[in-house]
1. Suppose we filter the stretch 57-90 for residues that are aromatic (Phe, Trp, Tyr) and either over 14 Å from residue 40 (Cα atoms) or surrounded by fewer than 23 Cβ atoms within 10 Å (Cβ to Cβ) (or both); how many remain?
2. Go through (1) more than 21 Å from residue 169 (Cα to Cα); (2) open to solvent by 10 Å² or more (accessible area, probe 1.4 Å); (3) of a type in the set (A, V, I, L, M) for residue 95 and report which single condition fails.
3. What's the number of the only condition in (1) out of contact with any Gly (no Cβ under 9 Å at 6 or more places or on another chain); (2) in contact (Cβ under 8 Å) with a residue 40 or more places away in the chain; (3) assigned to a helix (DSSP H, G or I) that residue 35 fails to meet?
4. Going by the conditions given, is residue 146 open to solvent by less than 50 Å² (accessible area, probe 1.4 Å), touching a residue at least 24 places away in the same chain (Cβ under 8 Å) and of a type in the set (Lys, Arg)?
5. Where the second residue is of a type in the set (D, E, K, R) and the first is assigned to a loop (DSSP other than H, G, I, E, B) and lies in the stretch 7-24, which pairs have Cβ atoms under 6 Å and are six or more apart or on separate chains?
6. Within the stretch 1-56, track down each residue that is basic (Lys, Arg) and loosely packed, with under 15 Cβ neighbours inside 10 Å.
7. Considering only residues that are over 19 Å from the mean Cα position of the chain (by Cα) and modelled with pLDDT under 95, which ones fall in the stretch 1-25?
Amino acid sequence: MSAATEATSYEVNEQGVAVLRLTRPKSRNAIDTQMLVEMLEHLAVARDDEAVRVLAISSADHMGLSAGADIKEELDEQGQVRRMQLFADVYDAIVAFPKPTVAACHGDVVGGGAEIAVACDLRVGGANLRLRFPGAALGVPVGPARLVTLCGLAAAKYLLLSSRTVGADEALRLGLVNRVAPAAATEESTLQLAAEVAAHPPEAVSRMKRMLHEWDDVEGRSSHEGKGQVEWQRSGPGLPYTG
């Protein structure tokens with residue numbers, strides 16, 4: 001696959017931070033099958049690379065991490081089910097990633113983009129953040145598994161049942177992001193936070209993350225939810241196509 005057609009990019013900096021960027025700015029980084037496949041490939045590389053201490057997920061455009069699933073992607077029924085399975089696989093792979101993960105939440109962070117963000121351990125919100133979980137509005141059975149463990153049951157109900165859009169200040173108050181940065185500096189602030197974590201002994205950090213996940217079982221809930229969303233795509237109405 002040529003660089004001109006790639007939907008993502010990947011690099012590792014001197015601090016041991018792997019940076020996975022979504023690179024479809026013309027479509028507001030809408031997530032298609034190709035992007036999901038590339039993300040899984042990069043996650044596998046970062047997981048096995050001993051030089052990688054922290055994974056950061058960002059985008060090439062500070063106007064948005066991702067607007068969610070690419071509902072203009074032309075897929076037959078089998079392709080739609082495969083794409084939904086890939087979504088579930090990406091969420092699970094990020095949640096279960098053995099090293100710390102940080103998301104740069106600038107601009108539009110919606111649907112699948114929001115799920116990727118909350119699957120990470122830490123998040124930096126851009127001042128231009130527009131965060132939304134539209135599952136209830138679209139009928140998609142996704143969201144509770146990762147969101148409840150992040151901000152609690154009451155806040156998760158508020159966000160999921162209303163499908164409201166949340167800005168940076170409200171996201172910080174609800175615990176959805178850990179800090180807020182100027183829109184154009186969101187990735188820079190994310191990499192600074194990632195470098196702070198990367199400076200700690202990697203074995204100790206990974207052990208701490210593993211302990212937290214074992215006590216909370218977010219990985220088990222994420223896997224269970226993923227099976228449900230795939231079955232919904234297979235036998236239910238599925239994601240709409242607006243191409």
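1. Looking only at that region, the number is 0.
2. Of the numbered conditions (1) more than 21 Å from residue 169 (Cα to Cα); (2) open to solvent by 10 Å² or more (accessible area, probe 1.4 Å); (3) of a type in the set (A, V, I, L, M), the odd one out for residue 95 is (2).
3. Here residue 35 clears every test but (2).
4. Considered against the rule, which asks whether it is open to solvent by less than 50 Å² (accessible area, probe 1.4 Å), touching a residue at least 24 places away in the same chain (Cβ under 8 Å) and of a type in the set (Lys, Arg), residue 146 comes out as yes.
5. Cβ pairs passing all conditions: 7/24; 7/38; 16/53.
6. 26
7. Residues satisfying the conditions are 1, 2, 3, 4, 5.
This table checks each residue for (1) over 22 Å from residue 137 (Cβ atoms); (2) modelled with pLDDT under 95; (3) touching a Lys or Arg at 6+ places or on another chain (Cβ under 9 Å); (4) hydroxyl-bearing (Ser, Thr, Tyr).
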{"site": "31", "(1), (2), (3), (4)": "no, no, yes, no"}
{"site": "37", "(1), (2), (3), (4)": "yes, no, no, no"}
{"site": "42", "(1), (2), (3), (4)": "yes, no, no, no"}
{"site": "46", "(1), (2), (3), (4)": "yes, no, yes, no"}
{"site": "70", "(1), (2), (3), (4)": "no, no, yes, no"}
{"site": "87", "(1), (2), (3), (4)": "no, no, no, no"}
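The values are calculated or read from the model by the stated rules, or taken from the named source; none is laboratory data. Remember, it's a predicted structure, so these values are computed and weren't measured experimentally. Positions of Cβ are generated from backbone atoms using ideal geometry, with glycine treated the same way; all protein chains shown enter the neighbour counts. Keep in mind that these areas ignore ligands, DNA and RNA; they rest on the heavy atoms of the full protein, side chains included. Shrake-Rupley method; radii C 1.70, N 1.55, O 1.52, S 1.80 Å.
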